[in-house]
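*Asks:* One structure coming up, written as structure tokens, with questions to follow.
The values are calculated or read from the model by the stated rules, or taken from the named source; none is laboratory data. Here the structure is a predicted model, which means the values were calculated and not measured. Reconstructed Cβ throughout: ideal geometry from the backbone, glycine too, with neighbour counts over all protein chains shown. Side chains are part of the model used for accessible areas, which takes the heavy atoms of the whole protein and leaves out ligands, DNA and RNA. Shrake-Rupley method; radii C 1.70, N 1.55, O 1.52, S 1.80 Å.
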Amino acid sequence: MKRTIVVIGCVLCLCLCAVAVTPAMAKNVISPQTDKLADHKLDTGVSGKGALKNADEQLMNSTSAATNAFRMQQFNDSVAWGKALIAAVHSSGCNTSKAEAVLAQLTGQEEALRGALESGNQGQMSSVMAKNDALTKQLRMSLNNCIRTDCTGNETCTENETCTENRTLEMNQLRENCSAIDGEYLELRYNERLKYGGEIIDIFNESGYDTAPAEEQLGIIGGNNQTFMNATENGGRPAVNAVLNENKKAWNTGKRSLWEQIHAFFFGGSASEDASVPSDDSETGEEA
């Protein structure tokens, strides 16, 4: 009898110990990140820096909306640029049929791009944007080729010195017109990128993130503006590309400084190779 009572007592003690220990064990096993998030909410809730209070769903939605709008705007700019160049070249007596066919393909990509952006699939977006970039370059190549080979000029003009001089002047004027269209296009894209960068920084800043590093990099891009404009006006392609390359480095550095804060908080690592980070946008203009 005594032995039975001792056994029952031991079982009860074990049960009580299990009840007391299980919650603590479960907490350690399943919720270290939950605790981290809860602690962060407590810390930021008092200060008002509550970016992560509704975690970053709102931030992600806002940045996605801004990014999608930016990419659609850049697409529309490319289409408008192509139309303007074709009109300028066609008015000089050149056969622009091949370039017009390429432009039709590019214009037809609008729905594909819109669908890719709405899907949120980075791979799909990258694929569509890569095709659009390829079509834009093909459009430029088609125009360059038709300027060199398909410009008939004045059909009543005979092949003499005066005729050749006139045609040379026409071709020089055409190139100047095309350079001016290119300059306006690149300037527009430049200013749109500055505006877009400011919007993204504002979104992160309102959500309580440290945006100082990104602001510094955006300042570098803004500071290059006058140098870039001078390069486009002078038609100095190497100078234009030098500024664009510097801007691309600054842009990627600033973007990474923002996204790594999210990744480091939730996953404890770098966002450099994270698929959720928006892919790079082209920062290079078309060959003049």
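*Asks:* Which number in (1) at pLDDT below 95; (2) open to solvent by 40 Å² or more (accessible area, probe 1.4 Å); (3) over 28 Å from Glu170 (Cβ atoms) marks the one condition that Asn76 misses?
*Replies:* Condition (1) is where Asn76 drops out.
*Asks:* Does Met171 count as over 30 Å from Gly223 (Cβ atoms) and either open to solvent by less than 40 Å² (accessible area, probe 1.4 Å) or at pLDDT 90 or above (or both)?
*Replies:* Criteria met by Met171.
*Asks:* Which pairs do you get when a residue that is in contact (Cβ under 8 Å) with a residue 40 or more places away in the chain, found in the range 59-77, comes within reach of a residue that is crowded, with 18+ Cβ neighbours inside 10 Å and not in a helix (DSSP H, G or I), reach meaning Cβ atoms under 7 angstrom, with the pair 6+ apart or on two chains?
*Replies:* Sorted first by the residue in the range 59-77, then by its partner, the pairs are Leu59/Ala51; Leu59/Ser207.
*Asks:* Going residue by residue through the range 204-213, is there one that turns out to be without any contact (Cβ under 8 Å) to a residue 12 or more places away in the chain, more than 30 Å from Glu57 (Cβ to Cβ) and out of contact with any His (no Cβ under 8 Å at 6 or more places or on another chain)?
*Replies:* no
*Asks:* When only residues in the range 81-133 that are among the hydroxyl-bearing types (Ser, Thr, Tyr) and assigned to a helix (DSSP H, G or I) count, which is farthest from Asn145 (Cα to Cα)?
*Replies:* Filtering the range 81-133 for residues that are among the hydroxyl-bearing types (Ser, Thr, Tyr) and assigned to a helix (DSSP H, G or I), the one farthest from Asn145 (Cα to Cα) comes out as Ser119.
*Asks:* A further question on this structure: Residues in the range 180-192: is at least one modelled with pLDDT of 85 or more and closer than 18 Å to Cys94 by Cα?
*Replies:* yes
*Asks:* A further question follows. Determine whether Asn145 is surrounded by 11 or more Cβ atoms within 10 Å (Cβ to Cβ), at pLDDT 75 or above and within 30 Å of Gln74 (Cα to Cα).
*Replies:* Against the criterion (surrounded by 11 or more Cβ atoms within 10 Å (Cβ to Cβ), at pLDDT 75 or above and within 30 Å of Gln74 (Cα to Cα)), Asn145 qualifies.
Rundown of residues vs (1) over 30 Å from the mean Cα position of the chain (by Cα); (2) among the aliphatic types (A, V, I, L, M); (3) assigned to a helix (DSSP H, G or I), yes/no style:
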{"position": "Gln173", "(1), (2), (3)": "yes, no, yes"}
{"position": "Asn177", "(1), (2), (3)": "no, no, yes"}
{"position": "Ile181", "(1), (2), (3)": "no, yes, yes"}
{"position": "Tyr190", "(1), (2), (3)": "no, no, yes"}
{"position": "Lys195", "(1), (2), (3)": "no, no, yes"}
{"position": "Ile200", "(1), (2), (3)": "no, yes, yes"}
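Every residue, every condition in (1) closer than 25 Å to Met72 by Cβ; (2) open to solvent by less than 30 Å² (accessible area, probe 1.4 Å), yes or no:
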{"residue": "Glu176", "(1), (2)": "no, no"}
{"residue": "Ser179", "(1), (2)": "no, no"}
{"residue": "Gly183", "(1), (2)": "yes, yes"}
{"residue": "Leu186", "(1), (2)": "yes, yes"}
{"residue": "Tyr190", "(1), (2)": "yes, yes"}
{"residue": "Gly197", "(1), (2)": "yes, yes"}
{"residue": "Tyr209", "(1), (2)": "no, yes"}
{"residue": "Pro213", "(1), (2)": "no, no"}
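*Asks:* Still on this structure, I have one more. Yes or no: the range 215-223 includes at least one residue that is open to solvent by less than 20 Å² (accessible area, probe 1.4 Å), under 20 Å from the mean Cα position of the chain (by Cα) and either over 30 Å from Gln138 (Cα atoms) or modelled with pLDDT under 90 (or both).
*Replies:* Among the residues of the range 215-223, not one is open to solvent by less than 20 Å² (accessible area, probe 1.4 Å), under 20 Å from the mean Cα position of the chain (by Cα) and either over 30 Å from Gln138 (Cα atoms) or modelled with pLDDT under 90 (or both), which makes the answer no.
*Asks:* Tell me which residues, restricted to the range 224-268, are open to solvent by 60 Å² or more (accessible area, probe 1.4 Å) and either among the hydroxyl-bearing types (Ser, Thr, Tyr) or touching a residue at least 60 places away in the same chain (Cβ under 8 Å) (or both).
*Replies:* Thr227, Thr253, listed by residue number.
*Asks:* Against the conditions (1) in contact with a Gly (Cβ under 8 Å, 6 or more places away or on another chain); (2) under 19 Å from Ala180 (Cβ atoms), where does Leu106 fall short? Just the number, please.
*Replies:* Here Leu106 clears every test but (2).
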